[in-house]
Amino acid sequence: MSFEELNDAVAQMGERSFRTAQIFKWLHKMQADDFSQMTDLSARLRERLDEQFVIDHLDVVRHLRSKKDGTEKFLFELSDKNHIETVLMEYKHGNSLCISTQVGCKMGCTFCASTIAGYRRDLTPAEMLQQVYTAQKVSGRHIDSIVLMGIGEPLDNFDNVLRFLSLISDSRGREMSLRHISVSTCGIVPRIKELAEKKLGITLSVSLHSAFNERRSEIMPVNRRYPIEELLSACRDYMDKTGRRISFEYAVIKGVNDSPEDAKRLASLLKGFVCHVNLIPVNPIRERSYRSDRGTTAAFAEELHKYNINATVRRTLGADIDAACGQLRREYEI
């Protein structure tokens with residue numbers, strides 16, 4: 001519930017409006033698991049809340065922590081017995097949490113483990129919030145930033161993602177600045193345009209993975225509907241309307257998209273963008289033959305630097321706990 005919806009519900013119960021702020025604080029600042037914990041409410045009101053409402057929760061099925069870099073991975077079970085993954089990563093600037101937005105994914109990107117088992121359903125705003133709240137409680141670590149880059153395509157679950165962003169940033173609750181949140185997309189052009197109009201202040205992260213339409217369509221079927229030129233036009237519109245830098249994700253796949261020609265074409269496409277290219281050594285999965293190595297990825301970065309494109313190689317985190325998106329869920333459900 002938004003604050004306004006909760007206020008309406010409180011009014012319908014015959015309670016005064018100040019109760020709304022108390023309950024909202026318990027849910028989003030104190031992150032209460034049960035109405036009985038809301039000790040500044042009367043016992044009768046707590047009972048009535050418990051009779052009429054539910055505080056959603058996630059069960060921790062598996063919790064792994066990397067011995068190499070402290071990355072933590074959670075496999076959560078939802079109330080309908082579906083499973084999602086969440087990853088907590090430690091950086092110099094703080095702790096970043098990568099959350100899922102769907103159970104499975106429709107997009108069919110060929111290098112991604114999340115899409116192999118297919119799409120099941122969208123996550124609710126509550127299920128997105130609880131990934132943040134539960135990971136913080138279990139790990140004992142404060143979450144400084146969030147990336148919507150786990151299982152699922154966030155812009156395919158657009159309305160629920162917007163509600164999540166509104167709730168997580170509400171000044172009466174968790175109060176996280178939207179500037180500390182990144183939303184990743186494989187390139188759903190109409191939604192990028194809608195997002196631009198909202199001027200939320202989030203960082204948009206766009207998965208490219210090839211600079212050539214034919215090859216990108218093979219890797220990412222979404223390109224058949226929204227080709228590179230159309231996607232980059234929407235990205236320019238987003239940049240112009242929001243004033244925010246765009247991050248382009250590029251999974252470097254050996255022998256597929258890692259040649260000097262690929263780098264030159266990518267640099268040409270991104271000329272004039274205020275952007276950053278995040279190069280990702282692709283994670284091996286059982287069902288695919290794709291491979292990558294840091295040497296090839298570093299060489300690709302150097303090629304981009306020759307064309308004055310800001311590019312870095314993403315640090316590999318949690319390799320010893322299968323921290324790449326979709327791996328743990330696939331292993332558990334097989």
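Residues of segment 128-147 that are among the hydroxyl-bearing types (Ser, Thr, Tyr) and either crowded, with 21+ Cβ neighbours inside 10 Å or outside any strand (DSSP E or B) (or both): 133, 134, 139. One residue alone among 328, 266, 317 is assigned by TED's automatic domain parsing to the domain that holds residue 115, at pLDDT 95 or above and not in a strand (DSSP E or B), and that residue is 266. Within segment 202-209, is there a residue that is within 24 Å of residue 316 (Cα to Cα) and surrounded by fewer than 21 Cβ atoms within 10 Å (Cβ to Cβ)? Checked against the condition, which is being within 24 Å of residue 316 (Cα to Cα) and surrounded by fewer than 21 Cβ atoms within 10 Å (Cβ to Cβ), segment 202-209 yields at least one hit.
Just one of the listed residues (143, 188) is within 28 Å of residue 70 (Cα to Cα), among the hydrophobic types (A, V, I, L, M, F, W, C) and touching a residue at least 12 places away in the same chain (Cβ under 8 Å), and it is 143. Contact map, segment 45-60: residues that are in contact (Cβ under 8 Å) with a residue 60 or more places away in the chain and surrounded by 13 or more Cβ atoms within 10 Å (Cβ to Cβ) paired with residues that are part of a loop (DSSP other than H, G, I, E, B) and among the acidic types (Asp, Glu), Cβ distance under 8 Å, separation 6+ or inter-chain. Pairs shown: 57/33. Of the strands (runs of 3 or more DSSP E) lying entirely inside segment 1-115, not one is found with 1 or more residues being modelled with pLDDT under 95 and not assigned by TED's automatic domain parsing to the domain that holds residue 161.
Annotation for segment 238-261: at least one member residue is part of a helix (DSSP H, G or I) and closer than 26 Å to residue 105 by Cα.
Only residues that are surrounded by fewer than 23 Cβ atoms within 10 Å (Cβ to Cβ) and of a type in the set (Gly, Ala, Ser) were counted across segment 148-166, and they come to 1.
From the list 163, 179, 245, the lone residue that is modelled with pLDDT under 95 and within 20 Å of the chain's Cα centre (by Cα) is 245.
The values are calculated or read from the model by the stated rules, or taken from the named source; none is laboratory data. This one's a predicted model, so the numbers in the text were calculated from it and none came from an experiment. Positions of Cβ are generated from backbone atoms using ideal geometry, with glycine treated the same way; all protein chains shown enter the neighbour counts.
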